[in-house]
Amino acid sequence: MVDARAVLFLVLGIVAVWFVAIGAFTDFFDQLGVGSFATTTSLFKLGRLVPDEEIPGTLNVGHAIPTFAEAFITIAVVPVEMTTLVLMIGAAVAGAWIGAGYVASWPRRWIQIGMGTLLLVAAVIIVARVTNLVPGGGDAIGLTGIRLVIGIAGNFVLGALMTLGIGLYAPCMILVGLLGMKATVAYPIMMGSCAFLMPAASVRFVRSGRYHLRATLGLAIAGTPAVFLAAYVVKALPLTAVKWLVVGVVVYTAAAMLRSAAKEARPT
């Protein structure tokens, strides 16, 4: 008979405490809408815990299970037109599958440049959301016609960018608002998109070995209970200060990524 405690101790021995802590922290705030990719990337980079070239794969593989839990919760409670939801999720999955095929084979310097640049873009998007510089949305819970086409195309691009380690949440919220949908509709769309695209992208990252096993396990183990804690116990927090803090950390991380890329380019 297998001793459950022995298995638990074995797993904890494999997974460092800091990876578990990062998973709990980032997925807790992910459920509340802050996003997990930028914060996880920043913590990995600040602590020098995961090689830069393994960060995109680790994010997609490690956060997959917690994000699926988020999607299950939000799709069940937030009204959204199903055709719009299914088509936008499908577009994100297609974008991620194609994007992962490229990113999984990129040299480390390319990944550093790509992540550094897009992290700066992510910081700008977060600032735009916090300061209400973009439309807050309308009353629609679904899309038709040209707006649906734009929504599908936009989510395809966001799905591809996810494979480079750039979170989909903030830009998806802006996309939903620009297309005239209710702000709350962004939650099932963005969380559902991530829940289905991350396993698709993960297959390619796992096949190529471009992910960090211990970090991945830490995110998956701690992230899921953190999601349920945020959804059913805490439910909501005043997050403006947290988002400004994320902006500062993301900008610092972007600069560090670009600085590392510059060092890679120097002749030895």
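The values are calculated or read from the model by the stated rules, or taken from the named source; none is laboratory data. Worth saying up front: this structure is predicted, and the values here are computed from it rather than measured. When we count neighbours, we look across all protein chains shown, and the Cβ atoms used for this are built from the backbone with ideal geometry, even at glycine. Surface areas here come from the heavy atoms of the whole protein model, side chains and all, with no ligands, DNA or RNA. Shrake-Rupley method; radii C 1.70, N 1.55, O 1.52, S 1.80 Å.
Please report how many Lys pairs in the chain have alpha carbons closer than 24 angstrom, counting only residues at least 8 apart along the chain or sitting on separate chains.
Step by step, the pairs that qualify in the chain add up to 5.
Which value, in Å² and to the nearest 10, is the accessible area of Ser202 when all protein chains are kept and the probe is 1.4 Å?
Estimated to the nearest 10 Å², Ser202 gives 10 Å².
Could you point to the residue in Ile189, Pro51, Met82 farthest towards the positive end of the chain's charge dipole, with +1 and -1 charges on the Cβ of Lys/Arg and Asp/Glu respectively?
Pro51
Springs between alpha-carbon atoms under 10 Å, Gaussian network over the chain: tell me which of Thr83, Thr216, Thr163 tops the mean-square fluctuations.
Thr83
Just to be sure I understand the model, the point goes 7 Å from the Cα along the line to the Cβ. What's the resulting Trp18 to Thr184 distance in nm?
4.1
In what order, largest first, do Tyr252, Tyr169 sit by accessible area if the probe radius is 1.4 Å?
Result of the area sort, largest leading: Tyr252, Tyr169.
Between Val234 and Val77, what length comes free when the chain is fully extended (0.36 nm per residue of separation minus the Cα-Cα distance, one decimal in nm)?
Full extension from Val234 to Val77 adds 54.9 nm.
Go through Phe29, Met173, Ala160 and say which Cα lies farthest out towards the positive end of the charge dipole of the chain; charges sit on Cβ, +1 for Lys and Arg, -1 for Asp and Glu.
My answer, from the dipole projection, is Ala160.
Determine how large the accessible area of Arg210 is when every protein chain is in place; take a 1.4 Å probe and give Å² rounded to the nearest 10.
Approximately 50 Å² of Arg210 is accessible to the 1.4 Å probe.
For the chain, max minus min Cα coordinate along each principal axis, in Å, sorted largest first?
57, 51, 36
With a 1.4 Å probe and all protein chains left in place, how much accessible area per residue does region 94-194 have, in Å²?
Accessible area per residue: 41 Å².
State the percentage of accessible surface on the chain attributable to carbon and sulfur atoms; use a 1.4 Å probe and exclude ligands, DNA and RNA.
Working: 8770 of 12300 Å².
Using a 1.4 Å probe with all protein chains present, the chain comes out at 71 percent carbon and sulfur.
Where is the GNM fluctuation largest for the chain (alpha-carbon springs, 10 angstrom cutoff): Gly47, Gly218, Gly154?
Greatest mean-square fluctuation among the candidates belongs to Gly47.
How large is the dipole of the chain about the Cα centre if only Lys and Arg carry +1 and Asp and Glu carry -1, each at its Cβ, rounded to the nearest 20 debye?
Details: 17 positive and 10 negative charges, 125 e Å.
In total the dipole reaches around 600 debye.
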